[in-house]
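The values are calculated or read from the model by the stated rules, or taken from the named source; none is laboratory data. Computed from a predicted model, the values in this text were never measured in an experiment. All Cβ positions, even for glycine, are placed from backbone atoms using ideal geometry, and neighbour counts span all protein chains on display.
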Amino acid sequence: MNALADVSTWIARLMDLPLGWLLDLPRDVAIAIVAVATSLLLTLVRKWTTRQDHLRRCRDDARRLKQLIRQARKAKDRAAVLRHRKTLGMVGGMRLRAEGLPLVVSLGPIVLLAVWAVERLDYVPPRVGEDVVVRAYYPVSSVGRLTHLVPPAGAALRSDAIQLVQLDPKGERNGLATWKLCASEPLESAPLLIRHEGTTARHPLSAGGRVCGPPVVAHDDGLVQATAVELRRAKFLGIVPGIPAIAFPPWLVAYLVIVIPLVPLLRRVLRVY
């Protein structure tokens, strides 16, 4: 899991080179630009990687065959209906086979863009002076024992540094400790240290900048199982929700709402078949 997170972080940093300027814009504008760019990419890749004249003829043939099928139905000519349907299926097969190359060519850029968006657009970085909630999770055996948070330089605690591990009221299968702090100056991956029973867990905290630190970090080498920083998720126009049941964050829902209707619209405007 940590290796996968490291790869995602590396890809996001690489993609910051062409896309980092979007983080200076309002989050809604950045999401809209990414969605429009994706739609344009899918449209142009299709134009460059397919025989457009062949696909145009397939489209025209499909339209004509559908007309012939309707005419044959009116004439109650069952044989003609079956013959035209078979031909229509062959035309559809040719159009379907043409989808493969555009999909393969588009896949790489779309994956890179998706990883970058997950890392950069999902959450809004906390501002300087804004309270941030930090949580640490422990095994049930740690309930009732002391734990200690050491804030980085440039951050001040709003709660007691030393906390008693409580039973997590949501899960009741783990212990939980909660702190509140705020940054007094911009921070970039400043280490929060959570100490417990001789072990130390680190969680990078960013504030006052363009990029968030990770909202959750899993720890496999101590009694602190995971740490979390409560970050505000970006909602397009402040209203587009996520879909928790299928793990769709709000930015992704807004992205798909823009991309899905825009791709066929661009194809029609640019005459891409």
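Hey, does the range 251-266 have a residue that's more than 26 Å from Cys182 (Cβ to Cβ) and assigned to a loop (DSSP other than H, G, I, E, B)? Give the steps one after another, and end with the answer.
Residues of the range 251-266 that are more than 26 Å from Cys182 (Cβ to Cβ), as a first pass: 252-266.
Add one more test, that the residue is assigned to a loop (DSSP other than H, G, I, E, B), and what stays is none.
No, every residue in the range 251-266 fails to be more than 26 Å from Cys182 (Cβ to Cβ) and assigned to a loop (DSSP other than H, G, I, E, B).
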Scanning for something in the same structural domain as Val257 (by TED's automatic domain parsing) and outside any helix (DSSP H, G or I), does the range 102-112 turn up at least one residue? no
Lone unmet requirement of (1) under 22 Å from Val36 (Cα atoms); (2) surrounded by fewer than 15 Cβ atoms within 10 Å (Cβ to Cβ) for Leu252: (2)
Take the residues in the range 35-54 that are part of a helix (DSSP H, G or I) and of a type in the set (D, E, K, R); name whichever of them is nearest to Glu99 (Cα to Cα). Arg46
Quick one: which of Ala190, Ala218, Ala207 is at pLDDT 90 or above and closer than 27 Å to Gly144 by Cβ? Ala218
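Here is a yes/no grid of residues against (1) outside the structural domain of Leu256 (by TED's automatic domain parsing); (2) in contact (Cβ under 8 Å) with a residue 60 or more places away in the chain; (3) in contact with a Leu (Cβ under 7 Å, 6 or more places away or on another chain):
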{"residue": "Tyr137", "(1), (2), (3)": "yes, yes, yes"}
{"residue": "Pro152", "(1), (2), (3)": "yes, no, yes"}
{"residue": "Leu167", "(1), (2), (3)": "yes, no, no"}
{"residue": "Thr178", "(1), (2), (3)": "yes, no, no"}
Select from the range 113-151 the residues that are part of a strand (DSSP E or B) and in contact with a Ser or Thr (Cβ under 6 Å, 6 or more places away or on another chain) and write down the one among them that is nearest to Thr200 (Cα to Cα). Ala136
Any hit, the range 45-67, residues being farther than 30 Å from Leu256 by Cβ and touching a Ser or Thr at 6+ places or on another chain (Cβ under 9 Å): yes
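Working only within the range 21-31, note down all residues that are within 19 Å of Val115 (Cβ to Cβ) and under 16 Å from the mean Cα position of the chain (by Cα).
Residues of the range 21-31 within 19 Å of Val115 (Cβ to Cβ): 21-23, 27, 30-31.
Once the filter is applied, which keeps residues that are within 19 Å of Val115 (Cβ to Cβ) and under 16 Å from the mean Cα position of the chain (by Cα), the range 21-31 yields Leu22, Leu23, Arg27, Ala30, Ile31.
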In this structure, does Ala75 turn out to be surrounded by 13 or more Cβ atoms within 10 Å (Cβ to Cβ), aliphatic (A, V, I, L, M) and assigned by TED's automatic domain parsing to the domain that holds Ala254? no
Tell me, please, whether a residue that is under 26 Å from Leu187 (Cα atoms) and not hydrophobic (A, V, I, L, M, F, W, C) can be found in the range 98-120. yes
Note on the range 81-123: residues surrounded by fewer than 12 Cβ atoms within 10 Å (Cβ to Cβ) and either in contact with a strand residue (DSSP E or B) (Cβ under 7 Å, 6 or more places away or on another chain) or under 30 Å from Ala228 (Cβ atoms) (or both) are Val111
Scan Arg271, Arg267, Arg173 and give me the residue that is crowded, with 16+ Cβ neighbours inside 10 Å and more than 20 Å from Ile31 (Cβ to Cβ). Arg267
Considering each residue of the range 155-203, count those that are in contact with a helix residue (DSSP H, G or I) (Cβ under 6 Å, 6 or more places away or on another chain) and not in a loop (DSSP other than H, G, I, E, B), and give that number. 1
